[in-house]
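Since every read-out is calculated from the coordinates, none of them should be taken as a lab result. Keep in mind the model is a prediction, meaning the values are calculated, not measured. Counting neighbours? That spans all protein chains shown, and the Cβs are built from the backbone with ideal geometry, glycine included.
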Amino acid sequence: MIESEIFRALADPTRRAVYERLSGGEMTVSELRAGTNVSQPAVSQHLAVLRGAGLVTERRSGRNAYYRAAPQGLDPLLGWIERYRAFWPERIEKLKTVLKEMDQ
């Protein structure tokens, strides 16, 4: 299930930070690791997971690879959230009704 891949990818705080940094525009691995204590291989591994979940795209230009966030990759997750957002209010209303009936 694609939602599982997205949840797994975003479960890691470093990957969430990488994704957030990429939401500002394209960056190379070197730019992504600047100002952090994360190694280049680790950043590359995190990017591979994010790419596999459809959250990041890669563009090659010469020897450089440029990464950017792919917000449309969150669409399956948004659909999953929508299903449950509709589910819970209905259940809570039913619970309120039952509790009112119990009070009488």
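If you go through region 1-39 and keep only what is in contact with a strand residue (DSSP E or B) (Cβ under 7 Å, 6 or more places away or on another chain) and basic (K, R), you end up with just R21. When region 11-48 is limited to residues that are small (G, A, S) and not in a loop (DSSP other than H, G, I, E, B), the one that is farthest from R60 (Cα to Cα) turns out to be A11.
Here the condition is being within 18 Å of the chain's Cα centre (by Cα), of a type in the set (D, E, K, R) and assigned to a helix (DSSP H, G or I); of R8, R91, it holds for R8 alone. In the set G79, G73, G54, only one residue is touching a Pro at 6+ places or on another chain (Cβ under 9 Å), of a type in the set (G, A, S) and surrounded by 10 or more Cβ atoms within 10 Å (Cβ to Cβ); that residue is G54. Do we have G73 as part of a helix (DSSP H, G or I), touching a residue at least 40 places away in the same chain (Cβ under 8 Å), over 15 Å from R21 (Cα atoms) and out of contact with any Lys or Arg (no Cβ under 6 Å at 6 or more places or on another chain) here? It is true that G73 is part of a helix (DSSP H, G or I), touching a residue at least 40 places away in the same chain (Cβ under 8 Å), over 15 Å from R21 (Cα atoms) and out of contact with any Lys or Arg (no Cβ under 6 Å at 6 or more places or on another chain).
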